[in-house]
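What follows is calculated from the coordinates using simple rules that are stated; it is not laboratory data. Note that this is a predicted model, so its numbers are computed, not measured. FYI the Cβ positions are ideal-geometry reconstructions off the backbone, even for glycines, and counts take in every protein chain you see.
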Amino acid sequence: LLRSAAGAADLGADVEVLYGDDRADTEAATEVARAFVAAGVTAVVGHFNSECAAVAGGIYKAESIPLLLPASTKPGLADAVG
């Protein structure tokens, strides 16, 4: 769902989109987050699964990488990772 939305958006020539699949698994989410940090991303849209967003969000927060969560719905999640 998130990948389709990114593909449909006109993001311009200056934006490179990277994709990572955390498979709704917190260990995989940690690996994806670390890979994004290593790649030097400047922002993240996702994770779909709230538990994955929580663990990955801590990694992004430590690196001052903005995280948008359009699909995660766990109450208090934004406060935990923001």
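Of the residues Ala56, Ala28, Ala39, the one that moves most in a GNM of the chain with alpha-carbon contacts below 10 Å is Ala39. For the chain, the longest principal axis of the alpha carbon atoms and the long axis of helix 26-39 meet at an angle near 40°.
Under the criterion of Cα pairs below 8 Å and six or more residues apart, the relative contact order for the chain equals 27 percent. Helix 50-62 versus the longest principal axis of the chain: what angle, 0 to 90°, nearest 10, using Cα atoms? Tilt relative to the chain: about 80 degrees.
Distance between the pseudo-spin-label points of Arg3 and Arg23 (7 Å out from Cα toward the beta carbon): 1.4 nm.
Distance between the 7 Å Cα→Cβ label points at Asp14 and Leu77: 3.0 nm.
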